[in-house]
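Asker: Got a structure here, written out as structure tokens. Questions coming.
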Amino acid sequence: MGLSTREKLVPGGVSPHRILSMFLEFDPMMWGTVGSLMVFLGTWQSNSPFVSKIPGSWFIGVSNSPSQGNAILELVARWLVYLGMAIGLYVWSKTVFDIYNGKCFGSTYLWTMFALWITPLMLSGPLLSRDVYSYAAQAEMVRVGISPYLQGPIALGHSPFLPTVDPLWMRAPAPYGPVFLYVGDLFVHLAGNSPLGTVVLLRVAALAGVILTGIYAPRIASINGYSKDAAFVLSALNPIFLYDLASAGHNDAWMVGLMVFGVYLAYTGRFVWASVVVTLAGLVKAPAFAALVFIGVLWGGFGSLRRKIRYGSYALLIGAITTVVLGVATGLGVGWIRSLSTPGASISPADPVTAAATLIHEVGSLVGVPVSTYLYLSAMRLLALFLSGVIALYLLLLSNEKNWLRNLGLSLLVVVLLGPVIWPWYLSWAIALLACSVGRYGGTAVVGSSILAFPLSMPGGQSFVALVTYLLLAVVLIVFVLYRKQSLPYQMRLVIDEYLIRAKWFFESEFKSRGTQVDSRPS
């Protein structure tokens, strides 16, 4: 038998004549690297839809002038990216299940795997999103004295930071906290006011956030009695973390990394510092503030309701003081609060709230209630916000020593699913915490949801995921109703029978009409 790659990493264990056999046997480190390299090479194509090709977007694979490209090369490059991503998803999921089946990889092997997988993705331009260019423009606004909480990047005028910004966010105020924008301003200065240099630093910071998660998630998992290897692979090696956080440069990576670090501090009894660090995460992106109250509950030792309120108030007070101090110190204040609705400017077909509003609108139109979709959407978003708050509060009150972290992760998952828009990097908020607090079945759920959500940021991904998800839900609902039909009230059974008869009639008539058309064709 040949040496495993892990054994080859041991000094003296590398043998040149075994290099080919590494690829002939299934080796997650090598095959994952192959997948990342395929994605990197595929994005070089001049019209690749996976990265920005606007001049000045990146160092590699971006022409200084528009290029027609080659249709055949474009097709090959696109499928090279799809295949590379598919390989990455498969290798990652197989690695997770190998761990649950008892295989031990060890931290050295996993960190080496992380380095090999992420390097080609970082050498590529920002993948699957142009948000990092908006971040750079918002940071430039801070540098020149324009409030990013009152205006969008368009206020920069003819700045070189503007051409790469997504038009959707040109006029949108920044919904991010003062910590993120202040550090972004520092990056602009460090980069010598270079847009591309600022983007590089923002991506490096996002990578640092993922690394921070990779350091502390396994430690938290160990404290909770779960697999350290599984926690690392489910979080830092998760394709959502590699592609949508690190490579794309999303600031969610900062938020998640700081939040996980804060949770670790809380587990080790440093509750004041934990509250400060989690507040820093919230001052990057607001959802992290949900962890403050949960830290208060842990601080209080899961005592009575009065004790939970008392220590939860301590954590919130520390958070409030930190927020005010940093708002004053950065000169950015708390204007970000009024901009928190900015992400809702986009509409996501895969978002459950949007889907529900659309369905209600269609049903209303059928019964003669011509109300605007946007009115339904606004109402559904308000209802969803209320429901997410109620569910999070319920999970908070049910928290104990065993389920505390899992309930925090589930609360953030509810916030994502009932939010105004859904993107794969939003799921990282919950995944990072659930990775440290679930066993095999929970880990399987994380794998499944990650694979389902991953295409959301790809071209046409929102519609594809929406179609697949809601078709599956419809099939499950129909099967369930038919299975439980006899236990339903009589009137409901009559309605179901009527619709079954209508469906049967529709398909029979459709089949007959198509058969008639075929028979009537000239021979």
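Asker: For region 218-234, what are the residues that are assigned to a helix (DSSP H, G or I) and over 17 Å from the mean Cα position of the chain (by Cα)?
Answerer: Pro218, Arg219, Ile220, Ala221, Ser222, Ile223, Lys228, Asp229, Ala230
Asker: Within region 158-185, track down each residue that is part of a loop (DSSP other than H, G, I, E, B) and within 24 Å of Ala286 (Cα to Cα).
Answerer: Val165, Asp166, Met170, Arg171, Ala172, Pro173, Ala174, Pro175, Tyr176, Gly177
Asker: Can you confirm whether region 193-203 contains a residue that is more than 25 Å from Leu326 (Cα to Cα), of a type outside the set (Asp, Glu) and not in a helix (DSSP H, G or I)?
Answerer: Yes, region 193-203 contains a residue that is more than 25 Å from Leu326 (Cα to Cα), of a type outside the set (Asp, Glu) and not in a helix (DSSP H, G or I).
Asker: Would you confirm, using the coordinates I've provided, whether Met122 is modelled with pLDDT of 95 or more and surrounded by fewer than 23 Cβ atoms within 10 Å (Cβ to Cβ)?
Answerer: yes
Asker: Let me ask you something else. State the number of residues belonging to region 77-115 that are aliphatic (A, V, I, L, M) and free of Cβ contacts under 8 Å to residues at least 12 places away in the same chain.
Answerer: 1
Asker: Next question, about the same structure. Looking for something in a helix (DSSP H, G or I), crowded, with 23+ Cβ neighbours inside 10 Å, touching a Gly at 6+ places or on another chain (Cβ under 8 Å) and modelled with pLDDT under 90 - is there at least one such residue anywhere in region 297-305?
Answerer: Taking every residue of region 297-305 in turn, none turns out to be in a helix (DSSP H, G or I), crowded, with 23+ Cβ neighbours inside 10 Å, touching a Gly at 6+ places or on another chain (Cβ under 8 Å) and modelled with pLDDT under 90.
Asker: Something else: Against the conditions (1) hydrophobic (A, V, I, L, M, F, W, C); (2) surrounded by fewer than 16 Cβ atoms within 10 Å (Cβ to Cβ); (3) modelled with pLDDT of 95 or more, where does Phe114 fall short? Just the number, please.
Answerer: Only one criterion is unmet by Phe114, namely (2).
Asker: For Val334, which of the numbered conditions (1) of a type in the set (A, V, I, L, M, F, W, C); (2) within 30 Å of Tyr182 (Cα to Cα); (3) modelled with pLDDT under 75 fails to hold?
Answerer: Tallying (1) of a type in the set (A, V, I, L, M, F, W, C); (2) within 30 Å of Tyr182 (Cα to Cα); (3) modelled with pLDDT under 75, Val334 fails exactly one: (3).
Asker: Across region 408-432, which residue is farthest from Val293 (Cα to Cα) among those that are aliphatic (A, V, I, L, M) and over 13 Å from the mean Cα position of the chain (by Cα)?
Answerer: Going through the qualifying residues, I end up with Leu418.
Asker: Moving to a separate point now. Residues to consider are Trp79, Trp44; find the one that is closer than 22 Å to Met458 by Cα, under 24 Å from the mean Cα position of the chain (by Cα) and aromatic (Phe, Trp, Tyr).
Answerer: After applying the criteria, what remains is Trp79.
Asker: I've got another one for you. Give me the residue from region 425-444 that is of a type outside the set (Ser, Thr, Tyr) and in a loop (DSSP other than H, G, I, E, B) and, out of that set, farthest from Val210 (Cα to Cα).
Answerer: Gly439
Asker: Moving to a separate point now. Return the only residue of Thr108, Thr95, Thr198, Thr164 being in contact with a Ser or Thr (Cβ under 8 Å, 6 or more places away or on another chain), among the hydroxyl-bearing types (Ser, Thr, Tyr) and either within 27 Å of Ile240 (Cα to Cα) or loosely packed, with under 15 Cβ neighbours inside 10 Å (or both).
Answerer: When all the criteria are applied, what remains is Thr164.
Asker: Do the conditions hold for Leu317, that is, is it surrounded by fewer than 24 Cβ atoms within 10 Å (Cβ to Cβ), of a type outside the set (D, E, K, R) and more than 21 Å from Ser339 (Cα to Cα)?
Answerer: Spelling it out, Leu317 is indeed surrounded by fewer than 24 Cβ atoms within 10 Å (Cβ to Cβ), of a type outside the set (D, E, K, R) and more than 21 Å from Ser339 (Cα to Cα).
Asker: A further question follows. Within region 369-401, take every residue that is without any contact (Cβ under 8 Å) to a residue 40 or more places away in the chain and not in a helix (DSSP H, G or I) and give me the one that is nearest to Ser313 (Cα to Cα).
Answerer: Leu398
Asker: Yes or no: Ala174 crowded, with 17+ Cβ neighbours inside 10 Å, touching a residue at least 60 places away in the same chain (Cβ under 8 Å) and outside the structural domain of Val62 (by TED's automatic domain parsing)?
Answerer: Taking the combined requirement at face value, the residue satisfies it.
Asker: Taking Val81 as the residue in question, decide whether it is within 26 Å of Val183 (Cα to Cα) and in contact with a Gly (Cβ under 6 Å, 6 or more places away or on another chain).
Answerer: Considered against the rule, which asks whether it is within 26 Å of Val183 (Cα to Cα) and in contact with a Gly (Cβ under 6 Å, 6 or more places away or on another chain), Val81 comes out as no.
Asker: Return the residue satisfying two criteria in turn: it lies in region 32-83 and is of a type in the set (S, T, N, Q) and within 21 Å of Asn238 (Cα to Cα), and of such residues it is surrounded by the fewest Cβ atoms within 10 Å (Cβ to Cβ).
Answerer: This residue is Thr33.
Asker: Quickly run through region 203-238 and pick out the residues that are more than 14 Å from Trp111 (Cβ to Cβ) and in contact with a Cys (Cβ under 7 Å, 6 or more places away or on another chain).
Answerer: Of everything in region 203-238, those that are more than 14 Å from Trp111 (Cβ to Cβ) and in contact with a Cys (Cβ under 7 Å, 6 or more places away or on another chain) turn out to be Ile220, Ala221, Asn224, Tyr226.
The values are calculated or read from the model by the stated rules, or taken from the named source; none is laboratory data. Every value quoted in this text rests on a predicted model; they were computed, and no experiment measured them. Cβ: placed from backbone, ideal geometry, glycine included. Neighbour counts: every protein chain shown.
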